[in-house]
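Below is one structure, written out as structure tokens; comments come after it.
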Amino acid sequence: MIEIKNLSKTFAGRSDPNEDVEALKNVNLSIPDGSIYGIIGMSGAGKSTLVRCINMLERPTEGTVIIDGVDMAALSNKDLRAKRKEVTMIFQSFNLLMQRTCLKNICFPLELIGVKKADAERRAMELLEIVGLPDKANAYPAQLSGGQQQRIAIARALATNPKVLLCDEATSALDPKTTHQILELIKEINRNLGITCIVITHQMSVIEEICGRVAILEKGVVVEEGEVADVFAHPKSTAARHLVYPDGGNSEILALREGEQRIRVVFNGAVATERPLIAQLAKELGIEASILGANTKSIGERAYGNMILGIMGSRDDMLRAKEYLESVADVVVEEVTE
Amino acid sequence: MIEKAFTAQAWNEAIAIIQSEFALAVWETLYVTVLATLIAIVIGLPLGVLLVVGEKNGVLPLPKWLMAFLGAVINILRSVPFLILMILVIPLTRAIVGTSVGTVASIVPLVIAAFPFIARLVESSLREVNPNIIEMAQSTGATPFQIIVKVMIPESVPSLISNATIAITTILGYSAMSGIIGGGGLGKIAINYGYYRYKYLVMFIAVILLVLIVEIFQRIGTKLAVKSDKRLKH
């Protein structure tokens, strides 16, 4: 269990206290063991500062972080270094040692705690298997693609058998396909090794794909927190709406026509290939819906995102359409009233 | 005057001098340069590391006064012209070596001139290390010492080799100057025969040999730097 309590971080201005930057303001979060927890926000929202406060790379100005009952802020430098074996981190830019082979990169955290060379290398080979790159042991990072480099970084982060893995924009420098593969790997690690993963990102698709819960950060404040599916279906805050409907939601589409009902259909990983929903809506219920706006994508076989449908007809027609669409697993429908 | 330098008589003289003195002079030049560079690296490398890690946001912040003192010493030593420095450090040379003239004695001013220069070169090499990688090491639980010896120095090896090449060629140039205080080597030959005795041909040959040695050092250095750089795809 990771508890973040009343966490605030202020970066002092150069001389004038008015120039102080409040990166985090009174953040409270509980992250259950074994979960994949997402923290999302636009750039500058304070996500990176928040994740660095968890392992005390940044010392919080106020408040604390408690991991398994241990107050991170109260640890001595020595104890903190020991604790960092349990709370490891991967990064947007991978941060591999460029002058070391992949094998030696994975050995790095083991070297620091004085593990014998032969034992460290044996462990590193095991980890290379786990991340699927056993043939890259003697390659240098520069010879690898971005996705492969991140796999090596993940192997390195797992070397000391951590309890928590902090992923700081771990897929932001990768293309969509590689992003998907890395997220799958993180999911696998979470499932097979029981490691709690905290995923920092600015991409809603990453949250959709792997996180159970999500916290939305805006200007250093947690504006929304909850199950990913709920936040998706009913984003309450403006920040959440921006993230869920990056194109401005329904504000930029056609004005409501006379006699038109609108619904928002949210796909939370519904199996997209099963049946053509809109066509069947027309065929089976005789309800014709026009797509007014959509922002959906398929990841694997599954659809994520949302679309706004306009239905010419009575409120009753709209409710029937809603019921019909919601009969599909992982599809949530809500009325659009504004 | 110059046209007399290439007469048959001048050639005969020069060949005689080359046969009797050049082998020793080349050896002395190499020996003084390499030894002075090594000693200067032993002193300059740790100082260069301190200049980087000791900063306010470095991995091992040091007291401000200490950093200011370190910076001042290095800057002062670097501003004194080598010719003047050689004379200024004569008492120190005498205390260390027992004499202030001769080949061995010339190593002392060379080291004093070179270590602040090397400290600055090391500083610039270490600053090139990606700060994200240092953050990675911190997040992995590395101590400041581990970050220095396992991350900062190994990651900047190609740059350190390039800079060591600059240092050794510069020190070679200084060592030639030390001919003035009786330091041996090609510099002494160039000054004694060329400047004092107008044997320009001997001076030219000595200078050409110095150029050749610089060239060889530079080629070896560049090759090693490229070879050690694992960021390049081979």
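Let me confirm something: among A:A124, A:A159, A:A153, which residue is within 23 Å of A:R81 (Cβ to Cβ), buried (at least 23 other Cβ atoms within 10 Å of the Cβ) and more than 13 Å from chain B (Cβ to nearest Cβ)?
Working: A:A159 fails: more than 13 Å from chain B (Cβ to nearest Cβ); A:A153 fails: more than 13 Å from chain B (Cβ to nearest Cβ).
One residue alone meets the criteria, A:A124.
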Return yes when B:V101 is touching a Gly at 6+ places or on another chain (Cβ under 6 Å), among the β-branched types (V, I, T) and over 29 Å from B:F145 (Cβ atoms) and no when it is not.
yes
Any residue that is more than 30 Å from B:T143 (Cα to Cα), of a type outside the set (K, R) and out of contact with any Asp or Glu (no Cβ under 8 Å at 6 or more places or on another chain) - is there at least one of those in region A:166-174?
yes
Just checking, does region A:109-120 include any residue being under 29 Å from A:E209 (Cβ atoms) and either assigned to a loop (DSSP other than H, G, I, E, B) or within 13 Å of chain B (Cβ to nearest Cβ) (or both)?
yes
Is it the case that region A:93-107 has a residue that's in a loop (DSSP other than H, G, I, E, B) and either in contact with a Leu (Cβ under 7 Å, 6 or more places away or on another chain) or among the basic types (K, R) (or both)?
yes
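Are any residues in region B:188-234 assigned to a helix (DSSP H, G or I) and within 14 Å of chain A (Cβ to nearest Cβ), and if so, which ones? Break it down into steps so the answer makes sense when it comes.
Restricting attention to region B:188-234, the residues satisfying the condition of being assigned to a helix (DSSP H, G or I) are B:188-196, B:200-228.
Once the filter is applied, which keeps residues that are assigned to a helix (DSSP H, G or I) and within 14 Å of chain A (Cβ to nearest Cβ), region B:188-234 yields B:L224, B:A225, B:V226, B:K227, B:S228.
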Hey, B:N75 among the polar types (S, T, N, Q) and part of a helix (DSSP H, G or I) or not
yes
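State all residues of region A:127-147 that are in a loop (DSSP other than H, G, I, E, B), more than 21 Å from A:N190 (Cα to Cα) and away from every other protein chain (no Cβ under 14 Å); if no residue qualifies, say none.
A:A137
Quick grid of which residues meet (1) in contact with a helix residue (DSSP H, G or I) (Cβ under 9 Å, 6 or more places away or on another chain); (2) assigned to a helix (DSSP H, G or I); (3) assigned by TED's automatic domain parsing to the domain that holds A:I154; (4) surrounded by 17 or more Cβ atoms within 10 Å (Cβ to Cβ):
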| residue | (1), (2), (3), (4) |
| --- | --- |
| A:L29 | yes, no, yes, yes |
| A:G34 | yes, no, yes, no |
| A:M42 | yes, no, yes, no |
| A:R81 | yes, yes, yes, yes |
Residue list for region A:91-104, filter: within 8 Å of A:A153 (Cα to Cα) and more than 7 Å from chain B (Cβ to nearest Cβ):
A:F94, A:L96
Scan region A:57-66 and give yes if some residue there is in a helix (DSSP H, G or I) and either within 14 Å of chain B (Cβ to nearest Cβ) or surrounded by 20 or more Cβ atoms within 10 Å (Cβ to Cβ) (or both), otherwise no.
no
Pull out all pairs, ordered by first then second residue, where Cβ-Cβ is under 8 Å, the residues are six or more apart or on different chains, the first lies in region A:91-118 and is more than 18 Å from A:S145 (Cα to Cα) and touching a residue at least 12 places away in the same chain (Cβ under 8 Å), and the second is outside any loop (DSSP other than H, G, I, E, B) and aromatic (F, W, Y).
none
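When you scan region A:163-173, do you find a residue that is hydrophobic (A, V, I, L, M, F, W, C) and more than 14 Å from every other protein chain (Cβ to nearest Cβ), even just one? Can you show your working first?
Taking region A:163-173 and keeping what is hydrophobic (A, V, I, L, M, F, W, C), we get A:164-167, A:170, A:173.
Subsequent filtering for residues that are more than 14 Å from every other protein chain (Cβ to nearest Cβ) retains none.
No, the conditions are met nowhere in region A:163-173.
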What about B:I84, is it assigned to a helix (DSSP H, G or I), more than 14 Å from chain A (Cβ to nearest Cβ) and out of contact with any helix residue (DSSP H, G or I) (no Cβ under 9 Å at 6 or more places or on another chain)?
yes
Counting just the residues of region B:99-128 that are surrounded by fewer than 20 Cβ atoms within 10 Å (Cβ to Cβ) and aliphatic (A, V, I, L, M), which one comes out farthest from B:L172 (Cα to Cα)?
B:V101
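Need at least 1 residues that are of a type in the set (D, E, K, R), in the same structural domain as A:K9 (by TED's automatic domain parsing) and touching a helix residue (DSSP H, G or I) at 6+ places or on another chain (Cβ under 7 Å) per element, so show me which helices (runs of 4 or more DSSP H) inside region A:148-240 make the cut, counting only ones lying wholly within it.
A:176-193, A:204-210
Restricting to region A:319-331, give me the number of residues that are in a helix (DSSP H, G or I) and within 21 Å of A:F232 (Cβ to Cβ).
Step one: filter region A:319-331 for residues in a helix (DSSP H, G or I), giving A:319-326.
When the remaining residues are screened for being within 21 Å of A:F232 (Cβ to Cβ), the result is A:321-326.
Of the residues in that region, 6 qualify.
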Could you tell me how many of the residues in region B:188-234 are touching a residue at least 24 places away in the same chain (Cβ under 8 Å), crowded, with 17+ Cβ neighbours inside 10 Å and either touching a Lys or Arg at 6+ places or on another chain (Cβ under 8 Å) or of a type in the set (F, W, Y) (or both)?
3
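The values are calculated or read from the model by the stated rules, or taken from the named source; none is laboratory data. These figures come from a predicted structure and were not determined experimentally. As a convention, Cβ positions derive from the backbone with ideal geometry for all residues, glycine included, and neighbour counts pool all protein chains shown.
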